[in-house]
Amino acid sequence: MDEQRIKDQIEAVKNEISATSYHKGTEHYIGRLRAKIARLEDQLLDKGSKKSGGGSGYAVAKGGDATVVLVGFPSVGKSTLLNQLTKAKSKTAQYPFTTLTVVPGMMNYRGAKIQILDVPGLITGASVGRGRGKEVLSVIRVADLIVLLVDSDNVKQIQIIAKELALAGIKIGQKAPRVIVDKKPKGGISIKNPQALEGFAVETAKGIIEELGIKNAEIIFKDNQISQEELIDAILGNRVYLPYLLVISKIDTLKKVQIDKIKKKFPEAILVSALTGQGLDQLKKILFEKLTLKRVYLKPQGARVDFSEPLIIKGWETVADVAFRIGQALEGKKNAYIWGKSAKFPGQLVANDHILFDKDIVSFR
Ligand SMILES: Nc1nc2c(ncn2[C@@H]2O[C@H](COP(=O)(O)OP(=O)(O)OP(=O)(O)O)[C@@H](O)[C@H]2O)c(=O)[nH]1
Ligand SMILES: [Mg+2]
C-alpha cells in the first residue's frame, strides 16, 4: 500500500470513530478501530524510514556514562545550551534548522561524563519524515533521557513535541506496560487476568489484539489498570519509554511576573537561560540525579580513600557490580566495608548484593 493510501485509510477510520458514539455496545468496535489506526500508523512509520534512508551525520556513537538528547522546536536554543554545557561548538543562529546533523558534546559533572546530543529541531509531521524528522527521532530513541526544551514564549510546544514523539513510538514520562504474550499454535486468544483491564471488556481487548495480527495467544498482564492505548503499545512492542526533563529556555527575555506564572503552571520545569547562565547549575544537578548516576569512592585496604576520581555507577548497582567494574575478585558473600548513606553505621561489612548510594565509600577486604 502506498503512503497516501495509508493516510487516507487512517483518515477514514478516524472519521468512523468520530461518527460512532461510545457506549458498551460500540466499545468493542471502537477498540478494533483504534487498533487499526495504530497498525496503519506503524506502517506509515516504516515507509517514512525507508524513504529517508540513513542520511549522513545521524549515526552517533554513544559515549560517556549516560546520554541525554536535546529535543525541541527549531530555534528554542538547543545548540546554544549544548555549547554552554559542554565544549562543543554547535552552530547557532536566529533562523530555523541551523543544526542539520547530530552534534555531540561531553559534559563533565561530579566526575561523571554525560554525553549531550544536539539535534535538528522537531516540527509537526516529524514522525512521518518532515524536516529530517525520521533521522532525528531515531537518534532520540537511543538516549537515556530526553531534555524537552521549549521556548518560554511558546510553552504550548510541549504538547506538539510529545505527540510527535508518541507517533514515532517514543513515550515520555510513562512506564512500559508489562504484558506477556505467549503465542500458541491454536485456540484463539485467552486473557488470564481480565480484571487488569481499565474499564473495558475482555472481548474488546481480544478484538484489539486480533486486529494487531495476533490470532492465538495467552495474554498475562503484569500491571493493573491497563488502558486500551497501553494494550496496543504492548502488543505492537516497538515502543521505547524514556524519562524526560522539561526545560524552559530564554528566561532572560521574561519579566519576573511572567517567570512566576510559568513556575506556577509547570512546577516540575527547570527554567534556564543559555545566554546568562541562569538555571544551568540546577539543570546539571537534576540531569545527574535523573540519570540515576552515583559516585562511589574506593578505599584501598590500609590506605586513604581516593576522592580524586569517583567511580560512576548507574541505577541500582551493588557491591558485586562495583567489583565487576574494577576487576575485583569476590570470595564468599561479604567482601566489602561501606561508609556513607547506604551504610547502617560507618564501616559496615555488607553482602555482595548491597545497593550503593551516591557518595558511598567502598573498601574491599
Ligand atoms: N535571549 C536568549 N536568546 C537565546 C538563548 N538561547 C539561544 N538564544 C538565541 O536563539 C536563537 C536560536 O538558538 P539556537 O541555539 O541556534 O537554537 P536551536 O534550537 O539549536 O535551533 P535549530 O538548530 O535551528 O533547531 C539564536 O539567535 C540564539 O542566540 C537564551 O537563553 N536567551
Ligand atoms: Mg541548533
| Segment Arg110-Lys359, length gained on full extension (0.36 nm per residue, minus Cα span) | 88.6 nm
| Which residues' amide hydrogens lie under 5 Å from the amide hydrogen of Ile270, considering only partners 5 or more residues apart or on another chain, with H built in the peptide plane? | Leu246, Val247, Ile248
| What is the sum of charges around Leu40, taking Lys and Arg as +1, Asp and Glu as -1, for the other residues whose C-beta is under 12 Å from the C-beta of Leu40? | 0
| task | For an R0 of 35 angstrom, estimate the FRET efficiency from the Cβ-Cβ distance between Asp252 and Gln159 and round to the nearest 0.05. | result | 0.90
| remark: Quick note, region 294-364: a/c under 1.5 would make it rounded; otherwise a/b > b/c is prolate and the rest oblate (a ≥ b ≥ c, C-alpha gyration tensor); here it is rounded
| note | When the chain is treated as a Gaussian network with springs between alpha carbons less than 10 Å apart, the largest mean-square fluctuation among Lys294, Lys134, Lys24 is found at Lys24
| note | Taking every C-alpha to C-alpha distance in the chain and binning by 20 Å from 0, the per-bin percentages run 24, 46, 28, 2
| Hey, what did the chain get for relative contact order, percent, Cα under 8 Å, at least 6 apart? | 14
| ³J(HN,Hα) across region 175-187 via Karplus (A = 6.51, B = -1.76, C = 1.60, θ = phi - 60°), whole Hz, x for Gly/Pro? | 8, 5, x, 9, 10, 9, 10, 9, 5, 10, x, 7, x
| said: A 29 angstrom limit on the alpha carbon distance is what I want to check against. Which of Lys175/Lys206; Lys171/Lys265; Lys78/Lys359; Lys285/Lys333; Lys87/Lys314; Lys250/Lys290 exceed it? | reply: Lys78/Lys359; Lys285/Lys333
| query | What is the packing order of peptides 144-152, 280-288, 14-22, taking the mean over residues of other C-beta atoms within 10 Å and listing the highest first? | reply | 144-152, 280-288, 14-22
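Quick note: the coordinates plus some simple rules give every number you see, no bench work behind them. This is a predicted model, so every value here is computed, not measured. Cβ atoms come from the backbone with ideal geometry, glycine included; neighbour counts cover every protein chain shown.
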